[in-house]
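Reviewing the structure listed below.
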């Protein structure tokens with residue numbers, strides 16, 4: 001059904017695009033210097049005042065404000081130099097097909113006598129480059145250290161050096177495949193899957209594989225390992241956009257679980273400069289506050305911290321209306337929370353045999 | 001070189017053994033009841049007074065004290081019943097080839113009206129069963145939720161239901177394979193590896209794969225993801241014992257990194273009742289305190305908490321003598337710590353091109 005086209009692979013296209021953008025940046029600086037002009041850069045402003053909620057796409061986005069970094073201004077020279085060094089550094093990474101972590105970037109700068117006071121400062125410059133190029137840092141080979149996992153019938157084709165053209169089917173290792181640089185940049189060749197199920201916990205991921213959820217529901221299963229690392233959100237988006245698969249999210253029945261689902265779907269304010277990390281059509285199918293009552297789940301009382309967090313999110317524009325506000329209110333009303341494992345009270349397979357199909361049915365009407 | 005023998009697979013043997021032990025336990029209780037005798041059980045005591053350090057094997061072990069749990073004593077009936085229920089529950093797991101987490105066990109008990117106040121209580125009973133059978137809980141299919149990863153030329157053969165006889169080579173996915181129930185119970189079929197390199201961090205794991213450390217040093221690479229989950233320590237032991245591979249451990253250059261290496265090698269006081277989770281011949285090859293000076297690594301000052309932890313470990317019998325005490329003293333002397341990523345100051349490949357071969361050479365004389 002979904003088979004690889006003969007056109008240029010999407011992964012290769014992304015790589016070419018980021019190289020071109022980096023080259024353009026370099027050309028611009030170079031030609032300004034060549035003309036005897038002080039080089040400058042205009043960056044979308046990431047200040048809180050410029051982060052606005054877009055009702056239509058239901059995401060935080062950046063407003064119209066820009067900041068100028070000019071080498072004419074002595075105060076700008078430090079962040080300007082850091083940014084240009086970073087562009088040079090990641091261009092090398094992309095050319096050589098090497099990857100790096102945020103932490104590596106911080107230390108690597110020292111080799112070039114580029115000073116960052118701490119990693120917070122280098123992270124910030126990396127985000128500047130993301131905003132400038134409208135590309136996620138994963139596109140220029142800077143990956144988070146955390147990894148989550150995937151399992152199911154999806155054949156991929158690697159594009160990283162040494163593995164180009166090699167294929168792997170992601171159903172061959174039942175403990176799951178880490179989602180790192182090579183999987184994030186692989187092309188999707190073929191799948192029989194009809195949906196993606198993202199679950200919050202490794203234990204449940206293993207349960208789903210054991211109970212053959214991938215066959216019974218024709219699903220790719222992803223363990224987000226809590227709030228998913230960015231490369232996993234990126235992967236979820238690719239599965240949704242490139243393969244047209246609906247994404248269903250299953251979390252613990254508490255405010256943190258609800259927020260994990262929200263970030264997968266709508267992104268975070270901190271990444272308002274990026275569109276590549278969201279799955280706007282994704283659905284949070286549980287565990288809802290109302291499920292705790294409906295399924296008579298073992299539960300724990302809400303703590304004061306839980307309650308405070310619920311009130312915070314009730315004010316968040318992403319949580320206005322729909323199940324989002326309704327379930328926050330339900331948690332408050334029953335003052336309880338439940339974990340995914342709580343279904344084990346009704347047998348280890350209750351969650352896959354009864355709860356999951358019922359919630360997938362309900363999801364159709366969400 | 002290391003190829004699968006035609007005898008019964010080690011994984012199958014372990015499974016058969018644990019089933020037999022559970023059956024024996026059931027038979028004992030049954031026959032006592034049949035004779036009209038109050039059933040009782042003798043457990044190795046896990047009290048602090050019975051945890052002793054064994055100089056010869058350089059591990060904490062349990063002493064000779066036992067505790068009796070008799071159904072004749074009304075105070076014993078609760079933990080006795082819990083233990084017998086657990087034996088019943090895990091016997092079903094093993095028979096059906098299903099796995100479970102510590103958390104699942106806690107909730108599953110509720111289906112049988114077996115009461116545990118909290119998960120701490122059910123975890124404790126699980127440890128009792130480990131001590132009683134001298135088996136790790138992984139042997140009766142109770143796994144930690146955390147997963148770490150492996151990469152390299154090792155062909156495994158699965159033994160879990162639905163995958164029996166299927167083989168996979170662990171060099172085929174460069175982001176790494178999760179070490180979960182199916183990998184932990186797989187048989188090792190063939191490898192060209194001559195060592196195991198366990199690294200503390202995912203970023204470095206990816207670096208090692210990119211720099212082809214697995215080929216250059218004929219190594220299997222394991223990401224312990226900090227203090228490794230028990231299933232990973234179990235895996236390290238199996239690679240060491242069954243394939244005869246030396247295990248080298250690379251951590252951050254601080255007291256926590258040193259302790260990660262120590263726990264892989266010598267185990268923990270909390271698991272003094274088990275031998276299956278240690279690699280007595282393992283070597284901690286770095287980052288040592290003395291390496292921070294020798295390699296002029298970027299470093300951070302020790303915090304008060306770091307210093308307190310160093311003094312604690314200096315009193316621990318596992319840290320008497322050798323590099324263990326020496327490096328604790330060195331950290332104290334220079335009052336500095338360094339991360340693995342600090343090598344990036346000298347280029348992303350300095351750690352694989354220069355540091356690793358030098359330390360592997362030194363390891364030969366450790």
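Measuring label to label, 7 Å along Cα→Cβ, what does residue A:322 give against each other copy in nm, shortest first?
5.7
Tilt of helix A:304-314 relative to the longest C-alpha principal axis of chain A, in degrees (0 to 90, nearest 10)?
The answer is roughly 70 degrees.
For peptide A:341-353, compute the average count of partner chain beta-carbon atoms within 10 Å of each residue's beta-carbon.
For peptide A:341-353, the averaged partner shielding equals 4.
Quickly work out the residue B:40-to-residue A:64 label distance, labels modelled 7 Å from Cα along the C-beta direction, and quote it in nm with one decimal.
Once both label points are built, they end up 8.6 nm from each other.
To make sure I understand, if each residue's beta carbon is the centre and we count other beta carbons within 10 Å, what order do B:78, B:233 fall in, fewest to most?
Lowest count first: B:78, B:233.
In the Gaussian network model of chain B, springs joining C-alpha atoms below 10 Å, which of B:88, B:248, B:60 carries the largest mean-square fluctuation?
B:88
Quick check: pseudo-label points 7 Å beyond the Cα along Cα→Cβ at residue B:112 and residue B:96, how many nm apart are they?
1.2
Report for the protein assembly as shown the percent antiparallel among DSSP-assigned beta bridges with both residues inside it, nearest 5. Show your work: numbers first, answer last.
Working: 49 of 77 bridges.
Antiparallel bridges: around 65 percent, rounded to the nearest 5.
Rounded to two decimals, what ratio of Rg to Rh does region A:149-363 give with C-alpha atoms and a Kirkwood Rh?
Rounded to two decimals, Rg/Rh equals 0.98.
I need the inter-copy label distances for residue A:365: point set 7 Å along Cα to C-beta, values in nm with one decimal, smallest first.
7.6
Order the peptides A:147-158, A:304-315 from the highest to the lowest mean number of other Cβ atoms within 10 Å of their residues.
Ranked by mean Cβ neighbours within 10 Å, highest first: A:147-158, A:304-315.
With the label 7 angstrom out along Cα to Cβ, how close does residue A:293 come to the same site in each of the other copies, in nm, nearest first?
Nearest first, the other copies' label points are 6.7 nm away.
With a ≥ b ≥ c the root eigenvalues of the C-alpha gyration tensor of region B:269-366, is it rounded (a/c under 1.5), prolate (a/b larger than b/c) or oblate?
oblate
Find the centroid of the Cα atoms in region B:169-216 and in region A:167-189, then give the distance between the two in whole Å.
With region B:169-216 and region A:167-189 each reduced to a Cα centre, they are spaced 15 Å.
Calculate the mean, over all residues of peptide A:159-171, of how many other protein chain Cβ atoms lie within 10 angstrom of the residue's Cβ.
Partner-chain Cβ atoms within 10 Å, mean over residues of A:159-171: 2.
Could you work out [θ]222 nm for the protein assembly as shown from helices alone, using -39500 (n - 2.57) per DSSP H run of at least four and dividing by all its residues? Round to the nearest 500 deg cm²/dmol.
It comes out at -12500 deg cm²/dmol, rounded to the nearest 500.
How many angstrom lie between the C-alpha centres of region B:66-124 and region A:80-129?
Region B:66-124 and region A:80-129 have Cα centres spaced 52 Å from each other.
Given the convex hull over the Cα atoms of the protein assembly as shown, what projected area results after averaging over all orientations, in nm²? Could the numbers behind the result be given before it?
Details: hull surface 139.5 nm².
About 34.9 nm², averaged over all directions.
Considering chain B as a Gaussian network with a 10 Å cut-off on Cα pairs, which listed residue, B:27, B:195, B:235, attains the greatest mean-square fluctuation?
The residue that fluctuates most here is B:27.
Across all directions of projection, what mean area in square nanometres is found for the Cα convex hull of region A:137-228?
That works out to 6.0 nm², a quarter of the Cα hull's surface.
Partner chain Cβ atoms within 10 Å, averaged over the residues of B:209-217 - can you pull that number for me?
2
At 7 Å along Cα-to-Cβ for each site, give me the label-to-label distance between residue B:218 and residue B:354 in nm.
Placing both labels 7 Å along Cα→Cβ, they lie 2.7 nm apart.
If a/c stays under 1.5 just call it rounded; otherwise compare a/b with b/c (prolate if a/b is bigger, oblate if not). Do that for region A:10-143, with a ≥ b ≥ c from the square roots of the Cα gyration tensor eigenvalues. It would help to have the intermediate numbers written out before the result.
Details: a/c = 1.32, a/b = 1.09, b/c = 1.22.
Since a/c stays below 1.5, the shape of region A:10-143 is classed as rounded.
No lab work stands behind these numbers, since they all come straight from the coordinates. It should be emphasised that the depicted structure is a prediction, and the values quoted were computed from it without experimental measurement. A quick note on method: Cβ atoms are made from the backbone with ideal geometry, for glycine too, and the neighbour counts reach across all protein chains shown.
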